[in-house]
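One structure is given below, encoded as C-alpha cells.
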Amino acid sequence: MRGEKRRQEILSLLGNTDNPIPANMLSERFAVSRQVIVQDIAILRANGYDITSTNRGYVLSGKPQATRIFKCRHAFDELVEEGALIIELGGRIEDVFVNHRVYGKISARLGLYSRTHVEELYRSLVSGASKPLMAVTDGYHYHNVTADSEQALDAIERELRKRGFLIEI
C-alpha cells in the first residue's frame with residue numbers, strides 16, 4: 001500500500017473512533033513498521049491534522065486546517081478591503097511575504113483573524129511608523145491563508161479574483 005493511501009486510511013480510522021489507537025496496532029494492520037506509522041503521523045500533522053499522542057495511542061483531536069497561498073496586488077488604501085474579504089469568508093491571514101529581487105523572500109507574521117485586526121494593522125501603517133511590505137514590490141505580495149475547509153479557500157479565491165486583487169501564480 002502506498003503512503004498516501006495508508007495515511008488516508010489512518011485518518012479514517014482515527015476519525016471514526018473516540019478511543020486512542022496504538023501505533024503498534026496501526027503497524028500490524030498496514031504491515032509496516034511502527035517507525036513508518038510515526039512518520040505517517042508526522043506527515044499528517046504537518047498537513048494540518050490535529051493528532052495527539054497519548055500513552056494509549058493516537059487521537060484525532062480536531063478538524064484539518066486548509067492552507068493556501070494567494071498572490072495579490074492592490075493599492076495601499078485597499079488593504080482593509082482585501083483583509084476583510086478574506087476574513088468574512090472564513091479565512092485567517094497568517095502572514096504576508098514578498099519576493100524581493102535582491103533580498104529574496106521577506107515575510108512577516110500577521111495572524112489576522114478579525115476585521116478589527118485588519119483595521120489596526122492599517123492604522124499602524126497609516127501612522128507612518130512603517131510601510132507595508134508590498135510597497136517594495138509595487139503592490140505585489142503573498143498571503144498564507146488558512147480556513148476550516150478547501151471550500152472556504154475556493155470562495156476566497158473567487159472573490160479575490162472577482163475584485164481584481166488576485167494574481168494568477
Exercise. Any residue in the stretch 133-149 that is among the hydroxyl-bearing types (Ser, Thr, Tyr) and without any contact (Cβ under 8 Å) to a residue 24 or more places away in the chain?
Worked result: no
Seminar exercise, completed: Over the stretch 14-32, the set of residues part of a helix (DSSP H, G or I) and surrounded by 16 or more Cβ atoms within 10 Å (Cβ to Cβ) is 14, 23, 26, 27, 30
Exercise. For residue 152, which of the numbered conditions (1) surrounded by fewer than 16 Cβ atoms within 10 Å (Cβ to Cβ); (2) closer than 30 Å to residue 14 by Cβ; (3) at pLDDT 90 or above fails to hold?
Worked result: (1)
Seminar exercise, completed: Counted residues in the stretch 33-71 being over 30 Å from residue 95 (Cα atoms), assigned to a strand (DSSP E or B) and either out of contact with any strand residue (DSSP E or B) (no Cβ under 8 Å at 6 or more places or on another chain) or in contact (Cβ under 8 Å) with a residue 40 or more places away in the chain (or both) come to 2
Exercise. Among the residues of the stretch 138-156, which ones are out of contact with any strand residue (DSSP E or B) (no Cβ under 6 Å at 6 or more places or on another chain) and assigned to a helix (DSSP H, G or I)?
Worked result: 151, 152, 154, 155, 156
For this session: State yes or no: is residue 103 surrounded by 14 or more Cβ atoms within 10 Å (Cβ to Cβ), out of contact with any Leu (no Cβ under 9 Å at 6 or more places or on another chain) and in the same structural domain as residue 143 (by TED's automatic domain parsing)?
Result: no
Exercise. Counting only residues that are part of a helix (DSSP H, G or I) and of a type in the set (Val, Ile, Thr), which one in the stretch 91-137 is farthest from residue 160 (Cα to Cα)?
Worked result: 126
Exercise. From 37, 86, which residue is closer than 23 Å to residue 169 by Cα and buried (at least 19 other Cβ atoms within 10 Å of the Cβ)?
Worked result: 86
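The values are calculated or read from the model by the stated rules, or taken from the named source; none is laboratory data. Values in this document were obtained by computation on a predicted structure and should not be read as measured data. Cβ atoms come from the backbone with ideal geometry, glycine included; neighbour counts cover every protein chain shown.
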